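The values are calculated or read from the model by the stated rules, or taken from the named source; none is laboratory data. Owing to the predicted nature of the structure, the values given are computational and were not obtained by experimental measurement. Ideal geometry is used to build each Cβ from the backbone, glycine not excepted, and the neighbour counts take in all protein chains shown.
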Amino acid sequence: MPRPWARLPEPRVFDRIVQGDANRVLDSLPGESVHLAITSPPYNLRRPYRGYSDDRPHTEYLVWLRGVWRTLHRVLVPGGRFVLNVAPTSIKDFRPIHHDLSTDLRALGYIMRTEIIWYKQTMGRRTAWGSWRSPSNPHIVPSWEYVLVFSKGQWNLPGDPGAIDITAKEFETFSDGFWPIPPERRRNGHPAPFPEALIERLVKFYSYRGNVVLDMFGGTGTVAAVARRLGRHYLNIDSSEEYCRLAFERTRHATPPRDWPIPSPVLDLLPATGPDSAPLLRGGA
Ligand SMILES: C[S@@+](CC[C@H](N)C(=O)[O-])C[C@H]1O[C@@H](n2cnc3c(N)ncnc32)[C@H](O)[C@@H]1O
């Protein structure tokens, strides 16, 4: 008898690596079906992603993401969480995009729960001092990223106490919002992958085993791989075929807990390659 919190829509919509546009694929998902979304969108900082130009006018960029957040809101369960990772922009061309994004999300009805400082400890590499040892024009070098956390409609996420896997020690450590975690050194063929340690904390802190965890700008699949390893269902969306292939391999090799046998991923590439993949991608492929 399936546990009620693990009941998933049929045909199988989750446990997939999907190539497609984030908004269009989200739009094709059933309402109130995702418990936790964790993502790091392109930051509009001219990063060299495959097949995507990360250099849009700022207003156009925000309008585009607003559409994605609106669609996500429909897809989250009541109390579902949305974790948004945003890096500070460059020093010279500074724009407070984390403020812009949190203002937009709150205007769309999300409850803002908190912000976590992901301290990347990257000061060793710094070169841009501005005016060295002078107040004339010194620079602060961002050695951190923001992890902004939102909820849909209510603060609490109902779930079975038997599906909790965080230890007391972990809970104590993670609930201090300053997270010293080094950036991912193995690039896995991507310019900006998440470190697995960051995602492990978020998945354990904000979801139960058996929940559905989504990343709609999933890159090389860090969220999907960690979610499967921790006994959560997953959906990874990215517009790049190359990144989706990497995400598929990574998630396929992530071993789920023995008592939460989360399935191996299905890979949906564009153009649709089979009857199963078509419904997800038809929305906008
Ligand atoms: C900051 S990266 C995410 C990296 C990811 N967190 C990881 O661990 O590998 C943003 C990703 O968004 C993807 N992307 C850009 N536009 C997209 C769109 N319209 N729909 C889906 N993905 C898109 C890019 O290909 C890139 O992989």
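A few comments on the model shown:
- Qualifying residue in the range 118-131 (condition: modelled with pLDDT of 90 or more, over 20 Å from V63 (Cα atoms) and either touching a Leu at 6+ places or on another chain (Cβ under 9 Å) or charged (D, E, K, R) (or both)): yes
- Residue match in the range 175-186 (condition: under 18 Å from the mean Cα position of the chain (by Cα) and within 24 Å of V68 (Cβ to Cβ)): yes
- Residues within the range 226-264 that are more than 9 Å from the ligand (Cβ to nearest atom) and among the aliphatic types (A, V, I, L, M), tallied: 6
- Residues that are within 8 Å of the ligand (Cβ to nearest atom) and touching a residue at least 40 places away in the same chain (Cβ under 8 Å), drawn from the range 174-198: N188, H190, P191, A192, F194
- The set of residues in the range 67-105 that are free of Cβ contacts under 8 Å to residues at least 12 places away in the same chain and under 24 Å from P183 (Cα atoms) comprises K92, D93, F94, P96, H99.
Conditions tested, residue by residue: (1) closer than 17 Å to L105 by Cα; (2) surrounded by fewer than 15 Cβ atoms within 10 Å (Cβ to Cβ); (3) of a type outside the set (S, T, Y); (4) at pLDDT below 95.
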residue: R12; (1), (2), (3), (4): no, yes, yes, yes
residue: I17; (1), (2), (3), (4): no, no, yes, no
residue: L26; (1), (2), (3), (4): yes, no, yes, no
residue: E32; (1), (2), (3), (4): no, yes, yes, no
residue: L36; (1), (2), (3), (4): yes, no, yes, no
residue: R70; (1), (2), (3), (4): yes, no, yes, no
residue: P78; (1), (2), (3), (4): yes, yes, yes, no
residue: V83; (1), (2), (3), (4): yes, no, yes, no
